[in-house]
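Working notes, beginning with the structure itself.
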Amino acid sequence: MACVVFDAKRCDAGAGRTRLKLVGENFPAVSNDIKMETLSFAVEADGLTRIYKRGGEEVRALDGVSFRVRDGEFVSIVGASGSGKTTLLNLLGCMDAADRGTLRLAGHEVGAINERARTRLRRDHIGFVFQHFGLMPTLTVHENVALPGLFGRRIWPSRHQKSLDARADELLERVSLAHRRNHRPHELSGGEMQRVAIARSLLNTPRLLLADEPTGDLDSATGESIIELLQELNRDGLTILVVTHNTALAAIAEHQISLRDGRLIQDSTDQML
Amino acid sequence: MIWLLSLREWQRRPLRMSISTLGVALAVAALWSLLAFGRGYRDGVQDELDHLGAHVLLAPKGCPYDATSLALHGASWPCYLKAAYLNQVRAVPGVAKAAPVLMNAFIDDSGAQTVYLGVDSNLLALKGGWHLSGRFPTFRGDLLLGADVARKNDWHIGQTVSLPGLNGARGTVSGILAPSQSADDGFIYTRLSDAQTWFQRRGELTHVLVRLRDPDQLDDVVAQLRSCGAGLEMNVVPLSHIFHSIEGLVNATRALLLCIVMVALLVAGAGVSNTLMIAVSERTREIGVMRALGAKHGEIFRVFWAQALQLCGVGAIAGVSIGWTAARETDAWLRAQLPYSPHNSMVHSDWPTTLACILGAMLLGTMAGGLPAWRASCLTPSVAMRARGERA
Ligand SMILES: Nc1ncnc2c1ncn2[C@@H]1O[C@H](COP(=O)(O)OP(=O)(O)OP(=O)(O)O)[C@@H](O)[C@H]1O
Ligand SMILES: [Mg+2]
């Protein structure tokens with residue numbers, strides 16, 4: 001099997017807390033063509049370009065964006081509205097394909113893999129947090145957290161279900177919402193909903209967490225608690241890329257990427273472009 | 001899991017889901033009733049003919065065209081055959097028995113009907129299925145009562161009773177028939193000569209029931225009966241032909257109704273499809289989120305497809321239940337509409353019909369759910385990031 005091991009960040013912070021198993025799993029081969037490599041970058045974007053066609057007119061939502069993200073980094077992506085942040089996150093999350101340029105996740109070139117493999121990649125290795133939380137209103141908090149574990153399984157999960165339930169409970173405990181286990185999302189506050197969404201994103205022990213304005217719908221105090229939670233997860237070794245207008249959140253990131261009109265205008269690890 | 005996601009939809013839009021289900025339920029109820037009626041009617045008419053025990057009915061020329069159905073249920077008509085024709089009929093080769101009947105019916109003020117049949121012992125040869133206690137009318141004034149007549153009037157063997165509709169005439173109950181679930185249960189049989197006296201129809205009959213030696217020779221015997229001396233005065237009605245023409249008529253009506261029911265099913269299916277289309281557009285972002293979380297095309301497809309199957313499945317079960325519980329009312333309503341209806345229940349509730357209806361509804365669900373499910377499965381995960389709207 002062709003597989004690559006992430007160079008995981010050592011976990012040393014948050015002593016005494018429940019440790020999440022964020023590292024140690026191998027990235028599976030998503031296509032037989034992928035060769036084994038030694039990695040120093042979790043994310044490598046090279047000349048990413050995404051052009052939308054609106055009527056007869058072309059919109060260059062992203063234009064030749066290149067950057068690298070180390071494994072275990074906390075990255076913020078900032079920029080004015082319409083600068084292409086969400087578009088970039090969609091590409092990084094394998095939810096959309098670039099028109100030009102290459103994207104490598106853990107050494108695998110994702111432009112080369114098919115839709116099925118991309119879906120599997122998202123499910124097993126990438127966590128998503130949305131500004132709007134994206135919880136299923138008809139499911140309970142616990143069921144929401146367990147949701148990603150149910151995709152790609154047999155119709156009758158049986159044995160798998162037990163460990164899935166335990167894992168969801170563990171994550172709810174981690175975000176301090178175990179007592180709201182059987183509530184519905186609409187019974188929670190915005191901050192609590194976002195914590196549930198974060199717990200859900202961690203279910204399959206991802207290596208990469210992508211968040212699009214996770215504090216966008218929250219007041220500053222609640223937003224702060226979410227920022228703290230993300231920081232903690234990052235300390236546990238999770239690579240986090242977060243799109244944000246929140247200056248506090250952008251400031252704590254060790255690595256900042258700025259976009260303007262689809263172009264990368266600043267990458268804090270390089271000098272000004 | 002897939003089932004959980006679609007089952008929970010009922011909580012979100014209970015009214016919308018219920019209306020779609022009701023549409024399916026009504027269409028399935030109609031389908032079930034129609035299929036159950038088809039079988040029941042056929043069996044009922046066949047039963048009735050079997051009870052009659054005759055292969056051919058001879059009725060006077062010029063009597064109402066539906067004399068046969070009247071003869072089966074009991075009625076009066078003002079046309080008569082001469083009893084003397086009987087000898088000619090019996091002389092036709094192939095005729096095993098010819099039983100003369102003089103029938104008369106009275107309707108009293110309350111609308112209850114009393115049907116008298118003057119008969120002779122030839123009738124016994126036709127009615128192999130009869131179980132009677134007491135004796136077949138032999139002496140003057142003897143009465144053989146159908147089971148219902150005896151029960152309703154509380155008449156017993158040996159009792160002398162005054163006969164409804166026959167000013168002061170009296171008779172003695174000589175025998176009572178065991179219940180047969182046929183028109184016989186409502187008849188009063190007397191000696192032919194007594195009936196001819198009471199109704200002042202000496203030497204006359206309303207019809208003759210003929211049994212053949214070999215039912216396969218029906219066409220031959222009918223031709224000979226038509227060409228015998230009395231043939232010009234009689235309508236020779238082969239009962240199996242009657243059965244077939246009644247059946248043909250009913251089948252034509254059923255085919256038309258079936259078309260209407262099919263249209264109703266299609267409309268119900270369109271309703272289900274539409275409900276799901278709305279759900280897909282309402283849940284665009286949720287679908288995007290599920291795709292982002294790793295749901296495959298097929299899994300999203302199954303969520304909506306399962307919902308269509310649930311809607312149609314629940315609708316089918318409700319529809320069959322409605323049909324089953326309303327069978328009696330449907331039967332009564334059909335009786336009022338049909339020119340001829342058998343004595344037994346015409347709507348037969350049975351499992352094969354029920355199963356066929358449920359399977360049909362599931363097939364409908366499969367088709368109705370296909371398009372919305374396909375649309376949902378084609379949504380890209382990036383709509384999760386894009387679509388804005390209410391939170392959670
Ligand atoms: N599906 C689409 N079709 C056409 N144009 C699109 C599409 N999606 C995005 N765009 C355009 O691409 C550009 C970048 O959009 P994007 O959503 O990435 O911006 P953003 O930086 O996330 O903005 P915001 O901060 O407001 O969320 C915008 O001009 C937008 O109008
Ligand atoms: Mg955006």
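For this structure, a couple of remarks:
- Total buried accessible area between A and B, probe 1.4 Å, nearest 100: 3200 Å².
- When Rg and the Kirkwood radius Rh are both evaluated on Cα atoms of the range B:29-146, their ratio Rg/Rh stands at 1.01.
- The three principal axes of the C-alpha atoms in the range B:53-237 carry coordinate ranges of 46, 30, 27 Å, sorted with the longest axis first.
- Percentage of interatomic Cα-Cα distances in the range A:42-108 larger than 19 Å: 30
- Cβ-defined net charge surrounding residue B:194, 13 Å radius [Lys, Arg +1; Asp, Glu -1]: +3
- Averaged over peptide B:276-289, the number of partner chain Cβ atoms lying within 10 Å of each residue's Cβ comes to 2.
- Magnitude of the charge dipole, the protein assembly as shown, Cβ model with Lys/Arg +1 and Asp/Glu -1, debye to 20: 340
- Both the radius of gyration and Dmax for the protein assembly as shown are 41.9, 129 Å, in that order, over alpha-carbon atoms.
- Inter-chain Cβ neighbour average for residues A:131-141, partner chain, 10 Å: 6
- Evaluated at q = 0.17, 0.18, 0.19, 0.22 Å⁻¹, the base-10 log of the normalised Debye intensity for the range B:160-288, with identical point scatterers placed on the Cα atoms, takes the values -1.13, -1.15, -1.18, -1.28.
- Legend: P(r) of the range B:228-274 from all alpha carbon pair distances, 10 Å bins from 0, whole percents, reading 22, 23, 20, 15, 10, 6, 3, 0.
- Computed accessible area, residue B:139, all protein chains, 1.4 angstrom probe, square angstrom: 120
- Bridge type composition, the protein assembly as shown - antiparallel percent by DSSP, nearest 5: 65
- For chain B, the longest principal axis of the alpha carbon atoms and the long axis of helix B:327-337 meet at an angle near 60°.
- Of all accessible heavy-atom area on the protein assembly as shown, the percent that carbon and sulfur account for (1.4 Å): 54
- Computed from point charges on the beta carbon alone (+1 for Lys and Arg, -1 for Asp and Glu), the dipole magnitude for chain B about its Cα centre is near 1500 Debye.
- Those Cys residues of chain B for which no other cysteine Cβ falls under 4.7 Å: B:228, B:259, B:312, B:357, B:378
- Cα-based Lys proximity count in the protein assembly as shown, under 28 Å, for pairs eight or more positions apart or on separate chains: 18
- At a probe radius of 1.4 angstrom, the accessible area of the protein assembly as shown per residue rounds to 45 square angstrom.
- Under the simplified labelling scheme, the residue A:260-residue B:259 pair shows an inter-label distance of 7.3 nm, with each label point 7 Å from Cα along Cα→Cβ.
- Number of partner chain Cβ atoms within 10 Å, mean per residue of A:144-151: 5
- Positive minus negative residues near residue B:149 (Lys, Arg vs Asp, Glu; Cβ under 15 Å): -4
- Over all other residues within a Cβ to Cβ distance under 10 Å of residue B:299, the charged ones net out to +4, with Lys and Arg as +1 and Asp and Glu as -1.
- The order of A:200, B:328, A:167, B:13 by accessible area, most exposed first and with a 1.4 Å probe, is B:328, B:13, A:167, A:200.
- Residue B:386 sits with roughly 100 Å² accessible to a 1.4 Å probe, with DNA, RNA and ligands left out of the calculation.
- Value of Rg to Rh for chain B, rounded to two decimals, is 1.23; Kirkwood radius and Rg both from alpha-carbon coordinates.
- Percent breakdown of C-alpha pair distances by 5 Å bin, ordered from the shortest bin, for the range A:166-228: 4, 17, 29, 25, 19, 6, 0
- For chain B, the antiparallel share of DSSP beta bridges with both residues in that region comes to about 80%.
The values are calculated or read from the model by the stated rules, or taken from the named source; none is laboratory data. Model, not experiment: these values are computed from the prediction. All Cβ positions, glycine included, derive from the backbone under ideal geometry; neighbour counts span all protein chains shown. Side chains are part of the model used for accessible areas, which takes the heavy atoms of the whole protein and leaves out ligands, DNA and RNA. Shrake-Rupley method; radii C 1.70, N 1.55, O 1.52, S 1.80 Å.
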